[in-house]
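Novice: If you scroll down you'll find the structure; I have some questions about it.
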Amino acid sequence: VQPFCHSQLFFSAQKELDLVTQGRVLDFYGNIREEMNRTLFAVYLMELLDKGLADRVAFPTLYRITLETLQHLNNYGVNPLVLRYFELRLVQQLGYQPELEACIKCGNNSCRRYNFSLADGGIVCQPCSAGIGTTHLLSGEALAVMRLLLAHNAQVINRVRASQSALAQIEGLLEKYLEYHLERRFAVKDTIRILKKTINLD
């Protein structure tokens, strides 16, 4: 079994670890293995799945989204929105989809900027933010990008144009949101952050 292959495997149940008895490759994402940037992004996706999912629990929609994301990474290369798309879809499938349409406290949907409450799982308008603990600023641009990523498949990634400021806001927010709900830190994300300072990973 090679990394970054879509394979069909047949198992024989054992007392401890199941035994692979047969398998065949359905798709091979060779470009991912040829570039360190793509490899790191793909390994991070696998780490999210490994730490976010329980054993032997089926997520057919998330399975399809994972294949779709790997295919996009393989075909089009590195784009930070690939990770943001997958992070959003992961929390959606795990039941933690953030509320991004209106303030979770008063229903206001006409603000230019919102704060985001990790504990409440959604955006909060400026007046309502005063009575809430720690929140994260979310600009109108960042909010619009997140809405697009949640509403469409991975092909939307090629059509989205976002400023570095908006990308940084979304990345920081989703990192905290994942850590809050999954109660995990992600080692590969730290590696990507370190390498960003020395090579181009965007």
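Novice: Of everything in region 108-162, what is of a type in the set (Ser, Thr, Tyr) and more than 30 Å from Tyr63 (Cα to Cα)? Give them in sequence order.
Specialist: Result: Ser110, Tyr114, Ser129, Thr134, Thr135, Ser139.
Novice: Of all the residues that make up region 97-107, how many are free of Cβ contacts under 8 Å to residues at least 40 places away in the same chain and buried (at least 16 other Cβ atoms within 10 Å of the Cβ)? Full working, then the answer.
Specialist: Initial filter on region 97-107 (free of Cβ contacts under 8 Å to residues at least 40 places away in the same chain): 99, 102-107.
Right, trim to buried (at least 16 other Cβ atoms within 10 Å of the Cβ) and you get 102-105.
Looking only at that region, the number is 4.
Novice: Out of Ala168, Ala162, I need the residue that is part of a loop (DSSP other than H, G, I, E, B) and either among the small types (Gly, Ala, Ser) or closer than 29 Å to Met46 by Cβ (or both). Which one? Give the derivation first.
Specialist: On the way: Ala168 fails: part of a loop (DSSP other than H, G, I, E, B).
Testing whether each residue is part of a loop (DSSP other than H, G, I, E, B) and either among the small types (Gly, Ala, Ser) or closer than 29 Å to Met46 by Cβ (or both) leaves just Ala162.
Novice: Still on this structure: List every residue pair whose Cβ atoms sit under 8 Å apart, with the two residues 6 or more apart in sequence or on different chains, where the first one lies in region 21-46 and is under 11 Å from Leu70 (Cβ atoms) and the second, anywhere, is part of a strand (DSSP E or B).
Specialist: What qualifies is Asp27/Cys5; Asp27/His6; Phe28/Cys5; Phe28/His6; Tyr29/Cys5; Tyr29/His6.
Novice: Given the criterion over 16 Å from the mean Cα position of the chain (by Cα), surrounded by 14 or more Cβ atoms within 10 Å (Cβ to Cβ) and closer than 21 Å to Val160 by Cβ, identify the matching residue among Asn79, Asn74.
Specialist: Answer to the check: Asn74.
Novice: Another question about this same structure. Can you tell me which residues in region 54-73 are in contact (Cβ under 8 Å) with a residue 12 or more places away in the chain and closer than 25 Å to Glu16 by Cα?
Specialist: Matches in region 54-73: Phe59 only.
Novice: Right, here's the next one. From Asp55, Asp27, Asp18, grab the single residue that is of a type in the set (Asp, Glu), under 20 Å from Ala154 (Cα atoms), over 16 Å from the mean Cα position of the chain (by Cα) and exposed (fewer than 15 other Cβ atoms within 10 Å of the Cβ).
Specialist: On inspection, the qualifying residue turns out to be Asp27.
Novice: Out of everything in region 141-155 that is without any contact (Cβ under 8 Å) to a residue 40 or more places away in the chain and in contact with a helix residue (DSSP H, G or I) (Cβ under 9 Å, 6 or more places away or on another chain), what residue ends up being farthest from Phe116 (Cα to Cα)?
Specialist: To start, the set of residues in region 141-155 that are without any contact (Cβ under 8 Å) to a residue 40 or more places away in the chain comprises 141-142, 144, 148, 151-152.
From what is left, the residues that are in contact with a helix residue (DSSP H, G or I) (Cβ under 9 Å, 6 or more places away or on another chain) are 141-142, 144, 148, 152.
Details: Glu141: 14, Ala142: 11, Ala144: 14, Leu148: 17, His152: 22 Å.
Among residues in region 141-155 that are without any contact (Cβ under 8 Å) to a residue 40 or more places away in the chain and in contact with a helix residue (DSSP H, G or I) (Cβ under 9 Å, 6 or more places away or on another chain), the one farthest from Phe116 (Cα to Cα) is His152.
Novice: For region 79-105, which residues satisfy the criterion of being within 19 Å of Asn153 (Cβ to Cβ) and basic (Lys, Arg)?
Specialist: Passing the criteria: Arg84, Arg89.
The numbers here are math on the coordinates, done by the rules we state, and not lab data. Since we're looking at a predicted model, the values are computed, not measured. Reconstructed Cβ throughout: ideal geometry from the backbone, glycine too, with neighbour counts over all protein chains shown.
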